[in-house]
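Structure, as structure tokens:
The values are calculated or read from the model by the stated rules, or taken from the named source; none is laboratory data. These numbers come from a predicted model, not from an experiment. For neighbour counting, all protein chains shown are included, and Cβ atoms are generated from backbone atoms with ideal geometry for every residue, glycine included. Accessible surface areas use protein heavy atoms only, side chains included; no ligands, DNA or RNA. Shrake-Rupley method; radii C 1.70, N 1.55, O 1.52, S 1.80 Å.
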Amino acid sequence: MKMRKLIASTWVDVVALIVFVVIFVVPFVFILLTAAKPRPEAALFQFSLPSKFQLLENIRDVIEFGNRRMLRALWNSTLLTVGSVTLIVLFSALVAFVMQRRADRTASVVSSIMLAGLIIPPAVVPTIFLLQWIHLYKTLVGLIMVEVAFTMPFATLIFRAFMANIPRELDEAAIIDGASPVHVFFSIILPLLQPAIITVIVTSSVGIYNDFTGPLYFLPGTENVTAQLTLFSFISQFSSQWNLLFADVVIITIPRLIMFMFFQRQIVSGMTAGAIKG
């Protein structure tokens, strides 16, 4: 009986490993191989080793293309991601704090609006008109505002669910001691939200960094290019450089891999603490 259970568990592990390799490893290996091939071989889309391994040369060509357009795009994506995530964490935590600690009709209305933000798709044309009216269209600041508005409902729900496990007695004790609501939030509540903050940072930064339609609609222009929009540089209707396109994908993926390598422990601990709190 024990041997059968051991064999069954082993088969489950093997199947799970095979599924993981097919879904995640194989596509990434295909991207690396294609990015390392010369242009004629890359156009064949074959899962094979390149006759001449030139990954570094292709990456160099991508970086040098268009007066080092890729470096400017990575810088813009970094500013966009850092600025948006910072405001998302701050505003979402503040809104969640008020919504969780107030049980009146106003909090109910705000909660309904946040829920509607998750269900109703964003309207592109009215948003463009609004950005033009406030003179923020085609600017990083305007796109940061758009990303914050689109991501805040989900982040607010995460903070509100986590904040429900923080006892109200902490707020009341601090207020009795003379602390203001702002001081209570920043000195007591916010430090306790670290697992939720890590979760919001990870999910929001990945989504904003990978956003393609947002910069395409709200940040047009060669000077405002982001990392995802550089993919347009190597593909066209009549001539495409697939080796450089896949090398571009490799470059875009590097910042996310670095972030995961440096913050792996924090990400895992944040997810685990959030699960325990829930």
With Cα atoms, 0 to 90° folded angle of helix 124-133 axis to the chain main axis: 70
Please work out how much length the chain gains when fully extended from residue 190 to residue 47, using 0.36 nm per residue of separation minus the C-alpha to C-alpha distance, in nm with one decimal. 46.5 nm
With the Cα gyration tensor of region 158-269 in hand, give its eigenvalues times 5 under a square root as the equivalent ellipsoid semi-axes, listed largest first in whole angstrom. 44, 16, 10
Could you bin all the Cα-Cα distances of region 101-155 into 5 Å bins starting at 0 and give me the percent of pairs in each, rounded to whole numbers? 4, 17, 22, 20, 17, 12, 7, 2, 0
Taking only Cα atoms and a 10 Å spring cutoff, compute GNM fluctuations for the chain and point out the largest among 178, 83, 214. 178
Spin-label model distance (nm) - residue 161 vs residue 212, 7 Å beyond Cα toward Cβ: 2.8
Tell me, what is the 1.4 Å probe accessible area of residue 102, in Å² to the nearest 10? 110
Ratio of Rg to Rh for the chain, alpha carbon only, Kirkwood? 1.06
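Assuming a viscosity of 1.002 mPa s and a temperature of 20 °C, what translational diffusion coefficient in µm² per second does Stokes-Einstein assign to region 27-112, Rh being the Kirkwood radius over Cα pairs?
Here the translational diffusion coefficient equals 124 µm²/s.
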In a Gaussian network model over the chain where Cα atoms closer than 10 Å are linked, find which of 71, 56, 245 has the largest mean-square fluctuation. 56
Could you check the spin-label model distance between residue 24 and residue 182? Points 7 Å from the Cα along Cα→Cβ, value in nm. 4.4
Solvent-accessible area, 1.4 Å probe, carbon plus sulfur percent, for region 21-86: 71
log₁₀ of I(q)/I(0) at q = 0.10, 0.12 Å⁻¹ - region 73-210, Debye sum with one point per alpha carbon: -0.39, -0.55
Run the dipole for the chain about the Cα centre, Lys and Arg Cβ at +1, Asp and Glu Cβ at -1, nothing else charged, and hand back the magnitude in debye, nearest 20. 560
Under Stokes-Einstein, region 62-118 at 10 °C and 1.306 mPa s, with its Kirkwood radius over C-alpha pairs, diffuses with a coefficient in µm²/s of 112
What do the square roots of 5 times the Cα gyration tensor eigenvalues come to for region 141-215, in whole Å, largest first, as semi-axes of the equivalent ellipsoid? 31, 13, 9
Of the chymotrypsin sites (Phe, Trp or Tyr not before Pro) in region 26-109, which ones lie in a loop per DSSP and count no more than 15 other C-beta atoms within 10 Å? 45, 47, 53
Tilt, helix 55-101 to longest principal axis of the chain (alpha-carbon atoms), in degrees rounded to tens, equals 20
